[in-house]
Amino acid sequence: MPVDVARMTKVFERPKSLTEARYTYCPGCHHGVITRIIGQTIDELGIAERTVGIAPVGCSVFAYLWYRCDAVQVAHGRASAVATGIKRARPDLVVFSYQGDGDFASIGTAESLHAANRGENITVIFVNNQIYGMTGGEMAPTTLVHQKTTTTPDGRDPATCGYPIRFSEIIATLDAPVYVTRQALYDTRRIQDCTKAVKKAFQNQVDGKGYSLVEILSTCPTNWRMSPTQANEHVANVVTQVFPLGDLVDRG
Amino acid sequence: MALRQLLRGNEAIAEAAIRAGCMCYFAYPITPQAELLEHMARNMPRLGRTFIQAESEVAAISMVYGAASAGVRTMTSSSSPGISLKQEGISYLAGSNLPSVIVNVVRGGPGLGNIAPSQCDYFQATKGGGHGDYHMIVLGPSTVPEAAQLTTLAFDLADLYRTPVMILADGLLGQMLEPVELPEPIDPASLPRKEWAATGAAGRDPNIILSFDLGPDNLKRMNEALQAKYREIRKREIRYEESDVADADLVIAAYGSTARIAKSALQMARAEGLKVGLFRPITLWPFPYDALRAVADHVDTVLTVEMSAGQMWEDVRLAVAERAKTPFYGEMGGVVPTPRSILNEVRKDAR
Amino acid sequence: MPRGTIVIDAERCKGCGLCIAACPQRVLAFSGSLNASGYDVARMENPEACVGCAFCALTCPDVAITVYREKKNA
């Protein structure tokens with residue numbers, strides 16, 4: 001029996017702040033979920049007309065295509081410094097950077113840390129999938145010990161490659177950040193929690209409170225060589241053991 | 001009333017930038033341009049403007065990229081090793097068509113070199129130190145007052161052509177004290193609105209700032225647009241100064257502090273009866289090839305003098321071709337040519 | 001009448017299967033038919049069981065799902 005949707009209430013639709021463009025991400029990749037959460041947050045806060053997004057380098061290089069707001073595409077790792085420049089030039093704008101683990105926690109280490117340390121009133125979305133997706137699955141700073149990547153074919157050996165870096169914990173040692181949290185998306189409960197965290201990180205900026213960082217444990221089914229559901233289970237059972245979920249700083 | 005003050009080159013550039021409406025300045029300390037940074041630290045916050053001592057040169061130029069994206073006048077400054085670090089950002093600024101001003105108070109190199117005056121960054125500045133097919137406008141002031149004037153010009157040209165502009169000074173100019181007549185401060189709010197900037201998509205389609213396109217045909221078009229802009233700049237913005245060239249047998253080609261020293265040598269040579277002139281490029285990019293070629297048509301010799309191993313010399317030879325002899329005299333490592341040492345070269349070549 | 005329903009934009013669907021795994025009512029399954037991009041798209045196999053909880057839509061990385069729920073006082 002066909003259902004007449006006209007007689008029903010629409011309870012979930014594509015956020016207005018998202019464009020109609022189709023994502024370039026692989027099937028099952030969490031980047032799409034994160035993008036949707038950001039779009040929904042921009043809708044709920046009614047800030048699309050004064051938001052500037054920052055697209056990084058990596059799989060999310062096309063982030064400027066997904067939102068109906070101004071955007072700036074930037075050099076690898078420099079998103080937090082560029083966000084600083086935009087926000088200081090125009091404090092009335094809402095500025096968010098979207099950065100992967102290579103971008104935020106490796107090549108952009110200095111920019112990421114010092115923007116946080118200055119307490120820039122920006123929102124940073126840090127997507128941690130423990131791998132370099134776009135370039136073909138190389139080791140990330142967050143790659144797990146013994147995890148195989150194309151540049152650690154025998155698994156990450158801490159003796160030569162060090163350990164997965166817990167960058168949010170490092171940022172949490174600083175005095176300035178108002179909100180630092182690690183979230184995940186492996187089930188609907190986590191997606192709802194993450195949505196709240198992202199909204200809070202934007203709300204903090206709108207309220208002029210200062211620097212907010214949401215690290216999101218994300219999947220890369222393609223380069224992990226897992227199905228999307230296996231990848232979710234891997235985050236739930238393995239990745240969260242190394243990167244525990246929860247708020248690290250909440251001075252809101 | 002224009003105000004006349006005794007200022008160092010570094011301070012004159014800083015103050016001129018403030019008066020040109022620079023709203024955001026980002027830099028990292030390095031000798032011999034520290035006074036510029038310090039002048040900005042004292043004065044920008046007082047005016048309600050942004051000063052950030054960045055964590056690195058890379059971060060500072062990226063902050064410039066952000067502030068330029070948001071449509072305000074913005075500047076960074078450094079000296080040679082720091083400018084090397086900024087090359088990534090300069091390439092992105094050029095690729096994304098972002099107006100911005102970068103000051104290089106050049107010191108001895110390569111590597112850490114030293115903190116003495118040099119012109120060894122000419123190649124880096126004029127030929128594109130970063131990746132990609134790009135240029136920036138490069139202005140070479142010769143005196144402290146001119147450094148202030150060219151700073152004003154740099155902001156205007158940056159906005160007009162949506163391009164990074166470099167002021168290529170040197171340690172001598174940065175440290176030298178001279179009386180300067182500073183321009184009246186402009187009201188930044190009076191500047192034309194930048195409709196392309198990322199200022200919030202209110203009542204319009206989103207503005208996207210980028211230097212990126214995966215499609216070769218699209219990226220080719222973006223490159224062609226850049227090249228068209230460069231042709232326009234070459235057509236309209238070439239600046240140079242000629243002194244005593246009309247009857248000259250030998251013309252010295254020099255820029256920046258070296259040109260100033262060469263002027264003294266010129267007077268000494270004229271006193272000896274040698275017919276010597278001076279050709280001083282003010283825009284190092286675009287280089288005044290045609291003007292220098294015209295000079296070369298009626299002189300025997302174009303003597304290039306630089307504080308380098310012969311960098312501008314390549315452009316001089318390109319301009320002069322076989323029209324005249326093109327000897328070179330250069331000092332390196334922070335050694336500054338004296339009027340006497342230049343005169344000795346002139347005597348050799350004028351024979 | 002089901003308490004809810006969904007509309008899947010088949011051309012956005014990449015056949016990742018996350019919505020199928022997320023649905024507490026086991027409403028969804030792979031359709032076996034490919035979209036223009038060659039993905040086996042999800043569809044409602046058991047539409048009567050849909051309660052309009054939107055877990056599928058929350059999970060969908062490609063924002064391909066719109067969710068409807070029965071009006072309370074209809």
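Before moving on, here are some points about what is shown:
- Segment B:241-350: antiparallel DSSP beta bridges as a percent of all, rounded to 5: 20 percent
- For the pair A and C, total buried accessible area rounded to nearest 100 Å², probe 1.4 Å: 2800 Å²
- Calculated from backbone phi, Karplus (6.51, -1.76, 1.60) coupling profile of segment B:166-177 in Hz, x at Gly/Pro: 10, 9, 9, 9, 9, x, 5, 5, x, 8, 6, 9
- Considering only segment A:91-157, percent of DSSP beta bridges that pair antiparallel, nearest 5: 40 percent
- Dividing the radius of gyration of the alpha carbons in the protein assembly as shown by their Kirkwood radius gives 1.08 for Rg/Rh.
- Two-site FRET efficiency, B:V336 against C:A36, from Cβ-Cβ distance with R₀ of 56 Å, rounded to 0.05: 0.20
- For B:Y28, the residues 5 or more places off, or on other chains, whose built amide H falls under 5 Å of its own are B:A54, B:S77.
- Dividing the helix sum by the residues of chain A, where each DSSP H run of 4 or more adds -39500 (n - 2.57), gives a mean residue ellipticity at 222 nm of -8500 deg cm²/dmol.
- With Cα atoms, 0 to 90° folded angle of helix B:57-69 axis to chain B main axis: 60 degrees
- Helix-only mean residue ellipticity at 222 nm for chain B, each DSSP H run of n ≥ 4 adding -39500 (n - 2.57), per residue, nearest 500: -12500 deg cm²/dmol
- The HN-Hα couplings worked out from phi for segment B:70-76 by the Karplus form 6.51 cos²θ - 1.76 cosθ + 1.60 (θ = phi - 60°) are 7, x, 9, 6, 8, 8, 9 Hz, whole numbers, x standing for Gly and Pro.
- Surface composition of the protein assembly as shown: carbon plus sulfur atoms hold 52% of the accessible area, using a 1.4 angstrom probe and ignoring ligands, DNA and RNA.
- Cα-Cα pairs of chain B separated by more than 28 Å (percent): 42 percent
- Most tightly packed first, judged by the mean number of other beta-carbon atoms within 10 Å of their residues, the peptides B:121-134, B:292-305, A:90-103 read A:90-103, B:292-305, B:121-134.
- For the protein assembly as shown: accessible area per residue (Å², 1.4 Å): 38 Å²
- Prolate/oblate/rounded call for segment B:108-195, Cα gyration tensor, a/c under 1.5 rounded: oblate
- Largest accessible area first, the residues A:D187, B:D315 order themselves as A:D187, B:D315 under a 1.4 Å probe with ligands, DNA and RNA left out.
- Gyration tensor (alpha-carbon) shape descriptor, chain C, a/c threshold 1.5: prolate
- Only protein heavy atoms count here; under a 1.4 Å probe, A:W224 has an accessible surface of about 30 Å².
- 22 Å Cα-Cα reach of A:K16 towards lysines, excluding residues that sit fewer than 8 places from it in its own chain: A:K196, A:K199, A:K200, C:K14
- Amide H contacts for B:L7 (H built 1.01 Å from N in the peptide plane; partners 5 or more residues away or on another chain; cut-off under 5 Å): B:E178, B:V180.
- Here's how it looks for C:Y39: its modeled amide H is under 5 Å from none belonging to a residue 5 or more places away or on a different chain.
- Phi angles of segment B:297-314 translate, via the Karplus equation with coefficients 6.51, -1.76, 1.60 and θ = phi - 60°, into HN-Hα couplings of 5, 10, 10, 7, 9, 10, 9, 8, 10, 9, 8, 6, 7, x, 9, 4, 3, 4 Hz per residue; Gly and Pro are given as x.
- Against the criterion of solvent-accessible heavy-atom surface with a 1.4 angstrom probe, B:H39, A:H114 sort, most first, into A:H114, B:H39.
- Cα long-axis angle, helix B:34-43 against chain B (0 to 90 degrees, to the nearest 10): 40 degrees
The values are calculated or read from the model by the stated rules, or taken from the named source; none is laboratory data. If you're wondering where the values come from, they're calculated on a predicted model, not measured in any experiment. Note: ideal-geometry Cβ built from the backbone for every residue, glycine included; neighbour counts use all protein chains shown. All accessible areas refer to the heavy atoms of the entire protein, side chains included, with ligands and DNA or RNA removed. Shrake-Rupley method; radii C 1.70, N 1.55, O 1.52, S 1.80 Å.
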